[in-house]
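For reference, the structure is listed below as structure tokens.
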Amino acid sequence: MTRDWSPLAVAYLVLAIAGLIGTWIYNGIAIAEMNDFFTDLRTSGPAVSSITVDLLVAAVAGSVFIIVEARRLGMRFGWLYVVASALTAFAFTFPLFLAMRQRRLNRVATESAG
């Protein structure tokens, strides 16, 4: 493994491939069955499965990023964002983490400038 392909980079690549294959399978089924996307959303067809895989893979990749980035920046309780996403929604906890991360980056920049 070259230096460019760290274990973390490989993990993200594997998640990207899983996301591509997972969504394409259900999208292919929807196309083969000539399903209407919006009807599938109401009737729980392949479109719902595709969206589920899409969001699940994004949430896993985002969770890995949260843990790694929180450790890198010295943010305490990074794991709590991942746990909270199971209790609320990843659509809430990931942007919340990004906001707290930006605050941390701003604080570090201010401390190093002063």
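Bear in mind these aren't lab numbers, they're just calculated from the coordinates by the rules spelled out. This structure is a prediction, so every number in the text was calculated from the model and none was measured. When we count neighbours, we look across all protein chains shown, and the Cβ atoms used for this are built from the backbone with ideal geometry, even at glycine.
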Do you know the relative contact order of region 7-113, to the nearest whole percent, from alpha carbon pairs under 8 angstrom that are 6+ apart?
19
What is the helix-to-structure angle for 90-113, meaning the angle in degrees between its Cα long axis and the longest Cα principal axis of the chain, kept from 0 to 90 and rounded to the nearest 10?
20
What three numbers, in Å, describe the spread of the alpha carbons of the chain along their principal axes, ordered from the longest?
62, 37, 23
Looking at the chain, identify the longest residue range that excludes and avoids all trypsin sites (Lys or Arg not before Pro) in DSSP loops having at most 16 other Cβ atoms within 10 Å.
4-75
Cα-projected label distance for Ala9 with Trp79, points at 7 Å along beta-carbon direction, nm:
2.8
Rounded tilt (10° steps) of 7-32 against the dominant C-alpha axis of the chain
20
Could you give the angle, 0 to 90 degrees to the nearest 10, between helix 78-87's Cα long axis and the longest principal axis of the Cα atoms of the chain?
30
More than 15 Å apart - percent of Cα-Cα pairs taken over region 70-114
46
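For n ≥ 4 DSSP H runs only, could you compute -39500 (n - 2.57) per run for the chain, divide by its residues and tell me the 222 nm figure to the nearest 500?
-28500 deg cm²/dmol
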